[in-house]
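The values are calculated or read from the model by the stated rules, or taken from the named source; none is laboratory data. Fair warning: this is a prediction, and the values are worked out from it, not measured in the lab. Using ideal geometry, Cβ is built from the backbone for each residue, glycine included, and neighbour counts are taken over all protein chains shown. Remember, those area values only see protein heavy atoms, side chains included, never the ligands or the DNA or RNA. Shrake-Rupley method; radii C 1.70, N 1.55, O 1.52, S 1.80 Å.
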Amino acid sequence: STEYNSRLRWCTNAVIGLFCGLTSFMLKQFIGFLFEFHENMISTITDEPNNVDEKPRPQDWLFSLWLALTLFAIFLVTTSAAIIIYVEPHAAGSGIPETCAFLNGILIPKTFT
């Protein structure tokens, strides 16, 4: 029975480690995708005109760039806020008060789950 519990514990730790690694990898890939999208959006807006004689003027694309970057930032903030509000509201705080309460012997439901 002790050997079974030991093997079960090792298998559980291996599965948790695998899922943590996969989650970290997917998160890193998604952040890279967002960064690449951001750079492509900026370069698309600020590209020089096709006509060689025409000089690019910053005021032509400055407002478009500002609007695109602002909307992109609003999208990111709205998405992260919606995840916190609707998926896991307990993730909204730092967790320091809950940890202090737990260390003082107070059990708060759904604190460390």
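Mind telling me which of the residues S64, S94 ends up being at negative phi, outside any helix (DSSP H, G or I) and free of Cβ contacts under 8 Å to residues at least 40 places away in the same chain?
Values: S64 fails: outside any helix (DSSP H, G or I).
Checking each option against the conditions leaves just S94.
Has the range 59-68 got any residue that is among the aliphatic types (A, V, I, L, M) and at pLDDT 90 or above? Walk me through how you get there before you give the answer.
Going through the range 59-68, the residues among the aliphatic types (A, V, I, L, M) turn out to be 62, 65, 67-68.
Filter again for at pLDDT 90 or above, leaving 67-68.
Looking for residues that are among the aliphatic types (A, V, I, L, M) and at pLDDT 90 or above, one finds at least one in the range 59-68, hence yes.
So is N13 within 26 Å of L67 (Cα to Cα), open to solvent by less than 100 Å² (accessible area, probe 1.4 Å), free of Cβ contacts under 8 Å to residues at least 40 places away in the same chain and assigned to a helix (DSSP H, G or I) or not?
Details: within 26 Å of L67 (Cα to Cα): no; open to solvent by less than 100 Å² (accessible area, probe 1.4 Å): yes; free of Cβ contacts under 8 Å to residues at least 40 places away in the same chain: yes; assigned to a helix (DSSP H, G or I): yes.
Answer is no for this residue.
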